[in-house]
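Input: one structure, supplied below.
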Amino acid sequence: MVRDSFIIPKLEYLMLDALKLRADALGKSIKKSELVRAGIKALAAMPDSQFLAAIKAVAPGKN
């Protein structure tokens with residue numbers, strides 16, 4: 001495992017909490033880092049057209 005840190009918009013951070021609650025309701029406890037990893041796997045499995053649409057839907061961050 002590799003440790004990293006990053007900044008995300010507050011709304012997206014709150015979405016992680018909502019997704020954690022959704023997983024709990026489905027009987028699967030999950031950590032935020034596991035949700036991020038699941039999202040990466042989902043993006044990697046998408047065809048190029050869906051992948052492009054998904055990354056276009058993310059607003060650029062401020063560095």
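All of the numbers you see were taken from the coordinates with simple rules; none came from a lab. Quantities reported herein were computed from a predicted structural model and do not represent experimental measurements. Positions of Cβ are backbone-derived with ideal geometry, glycine not excepted, and every protein chain shown enters the neighbour counts.
When only DSSP loop residues count, what chymotrypsin sites (Phe, Trp or Tyr not before Pro) in region 6-63 have their Cβ near at most 11 other Cβ atoms within 10 Å? Working shown, then result.
Details: sites: 6, 13, 51; in loops: 6.
The qualifying sites are 6.
Would you calculate a helix-derived [θ] at 222 nm for the chain, using -39,500 (n - 2.57) for each DSSP H run of n ≥ 4 and dividing by the full residue count, to the nearest 500?
Values: 3 runs with 39 residues, N = 63.
Mean residue ellipticity at 222 nm (helix-derived): -19500 deg cm²/dmol.
So, one more: DSSP loop trypsin sites (Lys or Arg not before Pro) in the chain with at most 10 other Cβ atoms within 10 Å of their Cβ, which ones?
Working: sites: 3, 10, 20, 22, 28, 31, 32, 37, 41, 56, 62; in loops: 3, 28, 31, 62.
Sparse-neighbourhood loop trypsin sites (Lys or Arg not before Pro): 3, 28, 62.
Still on this structure, I have one more. Which whole-Hz ³J(HN,Hα) couplings does region 14-21 yield from phi under the Karplus relation 6.51 cos²θ - 1.76 cosθ + 1.60, θ = phi - 60°, glycine and proline marked x?
Result, rounded to whole Hz: 5, 4, 4, 4, 5, 5, 4, 5.
Can you compute 3J(HN,Hα) from phi for each residue in region 35-48, using the Karplus curve 6.51 cos²θ - 1.76 cosθ + 1.60 with θ = phi - 60°, rounded to whole Hz and x for Gly and Pro?
Working through the residues one at a time gives 5, 4, 5, 5, x, 4, 5, 5, 5, 5, 7, 6, x, 3 Hz.
How many percent of all Cα-Cα pairs in region 10-56 sit more than 17 Å apart?
So the pairs more than 17 Å apart make up 43 percent of the total in region 10-56.
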